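Below: one structure, written as structure tokens.
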Amino acid sequence: AGAKFGLAFLWIAPLVLPMMFVVVYLSAKIGRVYGKGLFAVIYDRYPKYLLYPVMLGAFCGNIIEAAANLGGIGAAINLFVPLPVSAIVAGTALIILLVQVYGSYALLRNIFKWLALALFAYVAAAVAARPDPLQVLHHTFVPKGHFTSDFLSMIVACIGTSLSAYIYTWQSNQEVEEQIEKGRRTVDSRKGASREDLKRTRRDVVVGMLFSNIILYFIIMAAGATLHAAG
């Protein structure tokens, strides 16, 4: 978005924050209270004619997004390592697969928790690009729209990358995995949640979504101040 419209999309980050909180918190609450992930709940509670299309859509969306993420990883590593991007992508995918198959949930959580700190590089990149502070403030607080296909597609892209299909399933299953790690290995032992459990879950989601949207804000700023400025 930033590459095509400059800083004109900075307002989208604070705008989608409430939406992201509501959706992700509902997904987390399902996993915490029901004791199963989102699609297991749909399987138990809804007819198959609803289950299969939803699963197919989520599967296709997740495959496309995973491929895009792997391509980005390959392109980034290629800046430092003179190997074909396809080879880097294949190697990265294999490593991630092996970690998921042979590693524990706690290992995955700790790895990606620390890797998340790398996202602050977007903040540094945006500051280093030295965008006009007045333009930044203006586009943050004064939404400006154009009813063109390009502009509307950018809105869909911003919201779609923030509320992608994997977030719903990931958040609900994360709540289940957290309970399994605490020894609640049966569905019956995981069902139900205290007010304190839900309060902690709500706090985690608020912090996570706030962090996510701060990074989204600086991604748009960095792209708008560099790629857009370079034509």
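The values are calculated or read from the model by the stated rules, or taken from the named source; none is laboratory data. These numbers were taken from a predicted model, which means no experiment stands behind them. Neighbour counts run over all protein chains shown; Cβ positions are idealised from the backbone, glycine included. For the accessible areas, the whole protein counts, side chains as well, though only heavy atoms, and no ligand, DNA or RNA atoms are used. Shrake-Rupley method; radii C 1.70, N 1.55, O 1.52, S 1.80 Å.
Table for the structure above
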read-out	value
Checking ASP150 against (1) within 19 Å of GLY72 (Cβ to Cβ); (2) over 15 Å from the mean Cα position of the chain (by Cα); (3) open to solvent by 50 Å² or more (accessible area, probe 1.4 Å); (4) touching a residue at least 24 places away in the same chain (Cβ under 8 Å), the condition it does not meet	(1)
Lone unmet requirement of (1) closer than 18 Å to PHE9 by Cβ; (2) modelled with pLDDT of 90 or more; (3) part of a helix (DSSP H, G or I); (4) touching a Gly at 6+ places or on another chain (Cβ under 8 Å) for SER172	(1)
The lone exception for GLY61 - which of (1) touching a residue at least 12 places away in the same chain (Cβ under 8 Å); (2) under 19 Å from VAL176 (Cβ atoms) it fails	(2)
Output for the range 209-231, where each listed residue is touching a helix residue (DSSP H, G or I) at 6+ places or on another chain (Cβ under 8 Å) and open to solvent by 30 Å² or more (accessible area, probe 1.4 Å)	LEU210, PHE211, SER212, ILE214, TYR217, PHE218, ILE219, THR226, LEU227, HIS228
Filter pass, GLY31 being open to solvent by less than 60 Å² (accessible area, probe 1.4 Å), in a helix (DSSP H, G or I) and touching an Asp or Glu at 6+ places or on another chain (Cβ under 6 Å)	yes
Hits in the range 34-52 - residues which are open to solvent by less than 80 Å² (accessible area, probe 1.4 Å) and without any contact (Cβ under 8 Å) to a residue 24 or more places away in the chain	ALA40, ILE42, ASP44, PRO47, LEU50, LEU51
Unmet criterion (only one of (1) under 18 Å from the mean Cα position of the chain (by Cα); (2) closer than 30 Å to ARG190 by Cα) for LEU15	(2)
Criterion (more than 20 Å from TRP170 (Cβ to Cβ), open to solvent by less than 90 Å² (accessible area, probe 1.4 Å) and aliphatic (A, V, I, L, M)) met by exactly one of ALA58, ALA87	ALA87
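Here's the yes/no breakdown for (1) among the hydroxyl-bearing types (Ser, Thr, Tyr); (2) over 15 Å from the mean Cα position of the chain (by Cα):
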{"residue": "LEU163", "(1), (2)": "no, no"}
{"residue": "ASN173", "(1), (2)": "no, no"}
{"residue": "SER212", "(1), (2)": "yes, no"}
{"residue": "ALA222", "(1), (2)": "no, yes"}
